Amino acid sequence: MNAISLLRTIALFLALTLGLATPAQAQVADAELTPLVNALAPGNFKDREAAIGVLVATGDPRVVPVLEVLLEGELYFDEASGKVVFTSEAGGEGTISDPVTGAELPDLTEDGLDKVKVNNGLRRVLRTAIGQMTLLSEDPGVRLFAAQSILRDADPAQLELLDSAIAAETDAGIRRVMEQARAAIILKTPDASVEDWQAAIPVVQAIGGRDALNTLTTALNTAPEAVKPLIQTAIDGLARDRAVWDVAQNVWFGISLGSVLLLAAIGLAITFGVMGVINMAHGEMVMLGAYTTFVVQEVIRQNFPGLFDWSLAIALPLAFLVTGLIGIAIERGVIRFLYGRPLETLLATWGLSLIIQQAVQRIFTANIREVGNPTWMSGSFELGGLAITWNRFYIVIFALMVFVALLLVLKYTAIGLHMRAVTQNRRMASAMGIRTPLVDAMTFGLGSGIAGLAGVALSQIGNVSPNLGQGYIIDSFMVVVFGGVGNLWGTLVGALTLGIANKFIEPYAGAVLGKIIILVLIILFIQRRPRGLFALKGRSIEA
């Protein structure tokens, strides 16, 4: 009896003794499972295929990680002892451990390891084996993940296994995903019956989205002539749905851009509204907030790597304090001597912006710096036909939180009351005892601090460089002027309106021409409404 026949006999024996005809999974003793795992190393690909069958027959859930690592091509064995092992890092490096018990193996070294080799045929066997073990798992979550994986790959080799799993499945939701996966596989099987094609087409159409549209479009080339009209009808229906979702996707992109513009402009709105100062250094406050985030992450990476997911929570208050204090210093040191002289204020703040840029460039160099995303801001999810990234989603939420917090500060705090009074009538507020110089300093500091928060958010969707703020200063002024100087609600509406308008114009006119069109439209709008969408009321304002 050769090795393959012996392994097949062992597999049959295990299947009979462990009762593997049912979906339930057993766990064999470590001493029994270890030699079966070690059998993956010697011999040729046929021997490994037989060894995989033996492992699947055990039904032990510890087999799945072994097969997954083997499928990735990262399973190793010790050449001296023949023991199969896991390594904590790719390429056979890092800590060496036992794949069955998880115990570290300090006696083994990286130099003595060799990779367990796989080929395309063995990879197909592995995918089938992993699918078999996970589709029949007692854990509904594992079965659902396996069904979703098969739906994504739509490998015809999984069809027979999938039929068995569908027959045994008791959960309606998981069975639906399995049936969708089966339908996708049928559309990749040209020799399937016409009846199977006719049953599969509406199932795939019901999945919706780009993947279903791509699957049907590909199937149209190999489908039997009898079902091609049915496939074309399904493709047309999905294309119409996709057009609607594309509009919704553009709206989401516009809201995402609008939230960024809101964060960048909201501080400028209160500064411009209270003090009448055209602050050309506002974009540099955004840039300083982004660099604060970069510094925080570098410190955490080098000293407290376990706190990386908390880096933004640490960076937010620090960015607000750093940029807020710098803003107060600018107001006390430069701006307060230039009130009532808008041209000089514009030139002075523009000069300050250049100084800040050069200072940052001297400290951090002109190289682009990358700020990492915490794990909870990485990846994306789908909402209907929308593809939404987590970082953009959280930035939208954060922008709304900052907006609401600022509204509450202006309405329910003493400094907020004083700011509103100075905005409406500076002379009367001063006559009533309000210290307008202090209000000016606090207002400039608050606006700069919020710009720093915007920099933290912007660091999560792009790289950080000394010129970061220049890309948002013009858009911020457009938002403030369009929405109404000093009006927060106008800033919110203006930011979202400009963001959505940009995303609808860009596909047709391009990014640069799109901004020019937006600027021309704002100029025409201001001709009719010089105070913007929401004009503030007040004697000095209306004078």
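The values are calculated or read from the model by the stated rules, or taken from the named source; none is laboratory data. For clarity, every value in this text was computed on a predicted model and none was experimentally measured. Cβ coordinates were reconstructed from backbone atoms using ideal geometry, including for glycine residues, and neighbour counts include every protein chain displayed. The area values use the complete protein model at the heavy-atom level, side chains included, leaving out ligands, DNA and RNA. Shrake-Rupley method; radii C 1.70, N 1.55, O 1.52, S 1.80 Å.
I want to check the label-to-label distance for residue 336 and residue 304. Put each point 7 Å from Cα in the C-beta direction and report it in nm to one decimal.
With each label placed 7 Å out from Cα toward Cβ, I get 3.6 nm.
Can you count the Lys pairs in the chain with C-alpha separation below 15 Å, eight or more apart or on different chains?
Lysine pair count for the chain: 5.
On a 1.4 Å probe surface of the protein chains, which of 418, 282 comes out largest in accessible area, and what is the full order?
Descending order: 418, 282.
Identify the trypsin sites (Lys or Arg not before Pro) of segment 106-186 meeting these criteria: DSSP loop state and at most 16 other C-beta atoms within 10 Å of the C-beta.
Passing both the DSSP loop test and the Cβ count: 117.
Counting GluC sites (Glu not before Pro) as exposed when in a DSSP loop with at most 14 other beta carbons within 10 Å, what is the longest stretch of the chain free of them?
139-369
Ratio of alpha-carbon Rg to the 2.2 N^0.38 Å globular estimate for the chain, to two decimals, please.
1.32
Can you give me the accessible area per residue for the chain, using a 1.4 Å probe, in Å²?
Per-residue value: 49 Å².
D for segment 50-159, whole µm²/s, Stokes-Einstein with Kirkwood Rh over alpha-carbon pairs at 4 °C and 1.567 mPa s: what number?
87 µm²/s
Over the chain, what is the relative contact order in whole percent, taking alpha-carbon pairs under 8 Å and six or more residues apart?
So the answer I get is 15 percent.
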